[in-house]
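Take a look at the following structure, please.
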Amino acid sequence: MFRRLWSTCLDEFLGFYLLHRFFYFKKHPLIISNAGESSPELYSSDLTTFFSPVPAPAKLEFQPQLKPLSNSVIPTAKVEDFQFASSIQTGFPENDLVKGRHWKSTSIPTEKEETRQYTVVAVDGIVQLGVRSFNRLAQRLTPFGIDVIMMDSPFNFRRTPNGYRPGQLIAGGNLDHQLTVARQGVLDLWSLILTLQEKGHQIGLVGISHGAWMTLTAALLVEQLNFVMAITPPVDLFHILDEGGAVVNAIRRGVAHETIDRERLKSLISPLIVSNWEPLLSPASIYLHVADYDRFVPSFRIDKLAEQWQAQSFHHKLGHIEATTGPKVVSQVASNILDFWDVS
């Protein structure tokens, strides 16, 4: 009883804090976009059309030193930052240059592993302020020869335009803007994956919250992924408008800018509702982590998706904030990865 009460109160308090200190920061007006006029894919209501054309592999430019954080350094990894140009242009230069971080394992591979290059590509949640979760992941995985790569999602972390806060512009625009941001994030991730696959990497995906939605969406589109591990993913972006917590008010504000009936809205965002589609990899390779006391993302929707896809699901007696920022779930994900690739 106390566990549930604590988790609920923490989610509610921090949800209110994030809404007013991040999403409503400086009371910026909504970004009003007419992107659908120049990119008709946005209005297609079809998964493959919406996320088209298939992006080219990214041209990664590695940086000579870590920027801006140095606390990612761990004994079993060489840590480098990289960037590449997004295939989608939003008019915000800081956002349209994709940023990433690579924890490259310096451990000597065993004879069993030396013919394969295992790499986890990870994406964080809607308000990313640091790299702690993925540094923890790299601490667990790089000793076994597994690389970890983090990609900053659009308008988040180091892709945040000056004068805004991380994540603010993910939801800080009208429907066209929000659709564009969703499309850009998945295409950026797809482009990065193609680059790594082209170099012979075996790729598994890990996502947290909003990043978990991105990785599950990638599982619908990208071939030859090894696995996807999604922590508290918002799997139904239509019903979350009614069922989600305080943070969702920022999304509601943008969607409500234009008068649109619910059936039309449901049709337009159909490509973003992962339960509308089937993944390209086997159900045994999809791991869904559920926070039982989640006040941000409806947990029962994740359970329904697990049943629909016959995916593996793991329940945690935690709230959203604890599951997405604490060490417990990431530690279990790391164990799942080591077991999946059989390298521990």
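Just one of the numbered conditions (1) under 28 Å from S39 (Cα atoms); (2) at pLDDT 95 or above; (3) buried (at least 24 other Cβ atoms within 10 Å of the Cβ); (4) among the small types (G, A, S) is not true of A171; which one?
It is condition (2) that A171 fails.
Related question: Of all residues in segment 57-89, which are open to solvent by 50 Å² or more (accessible area, probe 1.4 Å), at pLDDT 95 or above, within 23 Å of K104 (Cβ to Cβ) and part of a loop (DSSP other than H, G, I, E, B)?
P57, K59
Test each condition in (1) out of contact with any Leu (no Cβ under 8 Å at 6 or more places or on another chain); (2) part of a strand (DSSP E or B); (3) not acidic (D, E) for L318 and report the one that comes out false.
For L318, the failing item is (2).
Just the residues that are open to solvent by 10 Å² or more (accessible area, probe 1.4 Å), assigned to a helix (DSSP H, G or I) and not hydrophobic (A, V, I, L, M, F, W, C), please, taken from segment 192-219.
Q197, E198, H210
Scan segment 286-304 for residues that are among the hydrophobic types (A, V, I, L, M, F, W, C) and surrounded by 21 or more Cβ atoms within 10 Å (Cβ to Cβ) and jot them down.
Of everything in segment 286-304, those that are among the hydrophobic types (A, V, I, L, M, F, W, C) and surrounded by 21 or more Cβ atoms within 10 Å (Cβ to Cβ) turn out to be I286, L288, V290, A291, F296, V297, I302.
A follow-up question, please. Among the listed residues S153, S107, identify the single one that is farther than 30 Å from H28 by Cβ, in a loop (DSSP other than H, G, I, E, B) and either open to solvent by less than 30 Å² (accessible area, probe 1.4 Å) or of a type in the set (G, A, S) (or both).
Just a single option satisfies the conditions, and that option is S107.
Also, quick follow-up: So, in segment 260-291, of the ones that are without any contact (Cβ under 8 Å) to a residue 60 or more places away in the chain and part of a loop (DSSP other than H, G, I, E, B), which residue ends up farthest from the chain's Cα centre (by Cα)?
D261
The values are calculated or read from the model by the stated rules, or taken from the named source; none is laboratory data. Note that this is a predicted model, so its numbers are computed, not measured. When we count neighbours, we look across all protein chains shown, and the Cβ atoms used for this are built from the backbone with ideal geometry, even at glycine. The area values use the complete protein model at the heavy-atom level, side chains included, leaving out ligands, DNA and RNA. Shrake-Rupley method; radii C 1.70, N 1.55, O 1.52, S 1.80 Å.
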